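Engineer: This is the structure I want to talk about, given as structure tokens.
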Amino acid sequence: AQSVTQLGSHVSVSEGALVLLRCNYSSSVPPYLFWYVQYPNQGLQLLLKYTTGATLVKGINGFEAEFKKSETSFHLTKPSAHMSDAAEYFCAVIGGGNQFYFGTGTSLTVIP
Amino acid sequence: NAGVTQTPKFRILKIGQSMTLQCTQDMNHNYMYWYRQDPGMGLKLIYYSVGAGITDKGEVPNGYNVSRSTTEDFPLRLELAAPSQTSVYFCASSPTSGRSNEQFFGPGTRLTVL
């Protein structure tokens with residue numbers, strides 16, 4: 001079975017500070033992992049994904065994530081937060097039949 | 001390309017009423033999905049389809065029905081609306097092959113049942 005746990009439902013950072021959003025997964029097959037962002041009153045937009053190959057994945061808007069098999073983690077980072085990064089972030093793992101399993105989300109607040 | 005479109009954007013229903021949430025995609029994707037999003041709960045899969053004429057239940061299918069007569073359209077039907085169905089509903093689609101394919105999401109329908 002596949003599942004995702006996002007630690008911290010709310011994260012606040014100062015503008016310019018490091019952003020770290022945590023995601024741990026459970027998967028009975030080699031995982032394919034995704035991070036999505038949701039801005040207020042909008043649908044989800046893909047930030048980045050890990051399938052195979054390089055474990056450090058770069059995405060849009062300066063975000064990146066590192067797949068660590070030994071820690072079953074796929075944490076999302078950005079070196080310097082911007083006000084426009086304020087949004088809800090979802091980690092997801094893909095299981096059989098192309099079904100996604102989403103985490104419960106982390107709301108990011110950026111303090112000016 | 002418009003991507004994934006959903007109508008309506010907002011709707012208020014009375015208990016026991018029925019309605020259909022529309023979803024259309026113009027990317028020729030075979031896979032389509034319906035999710036509901038409740039505060040603090042993430043997204044839960046209601047139904048999905050791997051192609052025209054083929055649908056299957058997801059994690060929370062009770063109280064909903066779907067059909068898939070064309071590749072483009074995947075409507076979600078609520079027959080007897082209940083307050084527990086108050087939620088934001090998202091439709092998504094993805095290409096046919098490979099587990100690595102991302103899902104493309106519509107803008108959502110915000111439904112309130114009173």
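Engineer: Does A:A54 meet the test of being away from chain B (no Cβ under 11 Å), out of contact with any strand residue (DSSP E or B) (no Cβ under 6 Å at 6 or more places or on another chain) and within 24 Å of B:V50 (Cβ to Cβ)?
Structural biologist: It is false that A:A54 is away from chain B (no Cβ under 11 Å), out of contact with any strand residue (DSSP E or B) (no Cβ under 6 Å at 6 or more places or on another chain) and within 24 Å of B:V50 (Cβ to Cβ).
Engineer: Another question, if that's okay. Mind checking which strands (runs of 3 or more DSSP E) fall wholly inside the stretch A:44-109 and carry at least 2 residues that are more than 24 Å from B:Q6 (Cβ to Cβ)?
Structural biologist: By residue number, A:44-50, A:56-58, A:64-68, A:73-78.
Engineer: Restricting attention to strands (runs of 3 or more DSSP E) lying wholly within the stretch B:1-86, give those where 2 or more residues are within 28 Å of A:W35 (Cα to Cα) and not β-branched (V, I, T). Let's see the steps before the verdict.
Structural biologist: Numbers: elements: B:4-7, B:10-13, B:19-25, B:31-38, B:42-51, B:54-57, B:64-66, B:76-78.
By residue number, B:19-25, B:31-38, B:42-51, B:54-57.
Engineer: Within the stretch B:67-114, work out how many residues are more than 8 Å from chain A (Cβ to nearest Cβ), open to solvent by 10 Å² or more (accessible area, probe 1.4 Å), more than 23 Å from B:G16 (Cα to Cα) and among the polar types (S, T, N, Q).
Structural biologist: So the answer is 5.
Engineer: Are there any pairs, at least 6 apart or on different chains, whose C-beta atoms fall under 7 Å, with the first in the stretch B:29-43 and within 9 Å of chain A (Cβ to nearest Cβ) and the second in a loop (DSSP other than H, G, I, E, B), and if so, which?
Structural biologist: These pairs meet every condition: B:Y31/B:T96; B:Y33/B:Q103; B:G40/A:S9; B:G40/A:T104; B:M41/A:T104; B:G42/A:G103; B:G42/A:T104; B:G42/A:G105.
Engineer: Kindly indicate whether B:T5 is without any contact (Cβ under 8 Å) to a residue 60 or more places away in the chain and not hydrophobic (A, V, I, L, M, F, W, C).
Structural biologist: Details: without any contact (Cβ under 8 Å) to a residue 60 or more places away in the chain: no; not hydrophobic (A, V, I, L, M, F, W, C): yes.
Considered against the rule, which asks whether it is without any contact (Cβ under 8 Å) to a residue 60 or more places away in the chain and not hydrophobic (A, V, I, L, M, F, W, C), B:T5 comes out as no.
The values are calculated or read from the model by the stated rules, or taken from the named source; none is laboratory data. Keep in mind the model is a prediction, meaning the values are calculated, not measured. Glycine gets a Cβ as well: all are built from the backbone with ideal geometry, and neighbour counts include every protein chain shown. Calculation scope for accessible area: heavy atoms of the full protein, side chains included, ligands and nucleic acids excluded. Shrake-Rupley method; radii C 1.70, N 1.55, O 1.52, S 1.80 Å.
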